[in-house]
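Notes to accompany the following structure.
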Amino acid sequence: MNPSTLLIGGRRISTASHVEVKNPADGSVVGLMPVASSEDIDAGVAAAAAAFAGWAHTADAERQALCNKVADIIEANSEELALLLTLEQGKPLGGLGSRFELGGAVAWTRATAALSLPVEVLQDTPEGRVELHRKPIGVVASITPWNWPVMIACWHMIPAIRAGNTVVIKPSSLTPLSTIRMVELMNEVLPPGVVNVVTGEGRVGGVLSAHPGVGKVVFTGSTPVGKKVMTAAAGTLKRLTLELGGNDAGIVLPDADPVQIAEGLFWGAFINNGQTCAALKRLYVHDSIYDAVCDALVAYAEKVPMGDGRLESSVLGPLQNEKQFDLVRELVDDARAHGGRVLLGGAPQERSGYFYPITLIADVDNGTRIVDEEQFGPVLPIIRYSDVDEVIARANASQFGLGGSVWSSDIEKAKRYARQLECGSVWINKHGALQPNAPFGGVKQSGIGIEFGVEGLKEFTTIQTVLA
């Protein structure tokens, strides 16, 4: 097995040490991640800085064309990337798994390539003309998580380079292989140094966050690690985009049809095996239809097969790592100990790999860990309520504010309640449906800044006001 390499300034760089990357479905070694030294990180930032002058002054139309070429080369190699992704992350190839993620990465890349930031004229009068120009920041450090390694890498890198920045990306040490390969492919169409990849464990992200040669950090991951990134970046007042944890609430109003919404509820909660920041993580259901919603969810969930992601028959795969597996088991056991009624699942499967079955838990409430904490796995607590105004307060009683949803047969009524939720995105009769033209970001401790669309592109620029 040949170890992967870093990619710095368009050149593959070997390292003295490596870490095994394992398949969470069976523990087999699927690759060797290079471990970057401090000198490698410095070299990555220096290569990005050297490339910045030329890239920032490249004609906008040419940068747009090259971003589209990036989409083309990812799409042309999507099956290779999808298999790598399945091997290291565990998600199935089909369904809403690796091929779906690659399709999303391509779609987001094309949508971002089409964006532009023209000069804004704020004043043009006899007294003078005021123009607002947007300029690239410089070197952007991207630190990505293990749940959607390819798509989130594109969410970070493509708007950065579209705006004229250069990038050093550090993928999760649990899922580095697909990102390394994607950056190799990107370097076949981009000038050397525009996109670089350095890998390693947490130390690498810390060095990048504090590095004086980095002008902005974009990070997706947990709130505790996001706070560390913010602290490290403070020394040089770096720009930040932080997309952090979520504990998204869904509220089912009494006029909803339990059978009709069951599929949407399920995938809102269990896409990527629940390992999604903006997944539905706690479901509040009106007392009048509580049992019917529970029954409909069980009936749907029982039909969803879980298995090795390489099997085309698998719809869900394992949890990605042992730490997450142990947390999910701990939260379910705690819920059961505090009176939670397990409707489905509730115990690890007796097989190799980090497989935890789809689990639905009834009769829990705020104050229980499974409701108050982000489980980030295939578990959904279902909470009974009787007063809609009161349940809005319960839904908002969280340090997180990433997403939320309201489910009802009356769209306008649902919107009225939706606007009362304290979260960055809110959906009606669906959950977690991200799209490249809809700005996305959290409030409270779910993050700082916005991704996607023109608003997301602006995050990778500074403003210069020209007064004449």
In segment 430-468, which residues have a backbone nitrogen under 19 Å from the label point lying 7 Å from D124's Cα in the Cα-to-Cβ direction?
464-468
At 222 nm, what value in deg cm²/dmol follows for the chain if DSSP H runs of at least 4 each add -39500 (n - 2.57) and the sum is divided by all its residues, to the nearest 500?
-11500 deg cm²/dmol
Everything considered on the Cα gyration tensor (a ≥ b ≥ c; rounded for a/c under 1.5, else prolate if a/b is larger than b/c, else oblate), segment 227-269 must be described as prolate
Could you order V70, V315, V388 so the one with the most accessible surface comes first? Probe is 1.4 Å.
V315, V388, V70
Dividing the mean separation of Cα pairs under 8 Å (6+ apart) by the residue count of segment 212-345 yields a relative contact order in percent of 18
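Please give me the summed charge of the neighbours of A292: other residues whose Cβ is under 14 Å from its Cβ, Lys and Arg +1, Asp and Glu -1. Intermediate results must be reported in sequence, preceding the final value.
Details: positive: R384; negative: D255, D257, D287, D291, D295.
Around A292, the charge tally is -4.
Over all directions, how big on average is the projection of the convex hull of the alpha-carbon atoms in segment 1-95, in square nanometres? Walk me through the numbers on the way to the answer.
Numbers: hull surface 32.7 nm².
Result: 8.2 nm².
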Accessible solvent surface per residue of segment 278-376, calculated while the other protein chains remain in place, 1.4 angstrom probe, Å²
42
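Magnitude of the Cβ-charge dipole of the chain, K/R +1 and D/E -1, about the Cα centre, nearest 20 debye? Don't skip to the answer; put the middle values down first.
Working: 39 positive and 51 negative charges, 212 e Å.
Dipole about the Cα centre, nearest 20: 1020 debye.
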Listed residues T223, T465 arranged by accessible area, highest first, probe 1.4 Å:
T465, T223
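In Å², what does the accessible area per residue of segment 110-261 work out to with a 1.4 Å probe? Present the calculation step by step, with values, prior to reporting the outcome.
Working: 4940 Å² over 152 residues.
Normalised by residue count, the accessible surface of segment 110-261 is 33 Å².
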Determine the relative contact order of the chain: mean sequence separation of Cα pairs under 8 Å and six or more apart, normalised by residue count, in whole percent.
18
Suppose we keep just the alpha-carbon trace of the chain; what are its Rg and Dmax in angstrom?
22.6, 78
What part of the accessible area of the chain, given as a whole %, is carbon or sulfur when the probe is 1.4 angstrom?
53
Calculate the FRET efficiency for S313 and E350 from the Cβ-Cβ distance with a Förster distance of 22 Å, rounded to the nearest 0.05.
0.65
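Using heavy-atom solvent-accessible surface (probe 1.4 Å) with all chains present, what is the largest-first order of C423, C67? The partial results should precede the final answer.
Numbers: C423 30, C67 0 Å².
Most to least solvent-accessible, the answer reads C423, C67.
The values are calculated or read from the model by the stated rules, or taken from the named source; none is laboratory data. These figures come from a predicted structure and were not determined experimentally. Cβ atoms come from the backbone with ideal geometry, glycine included; neighbour counts cover every protein chain shown. What goes into the accessible areas is simple: the full protein's heavy atoms, side chains included, and nothing from ligands, DNA or RNA. Shrake-Rupley method; radii C 1.70, N 1.55, O 1.52, S 1.80 Å.
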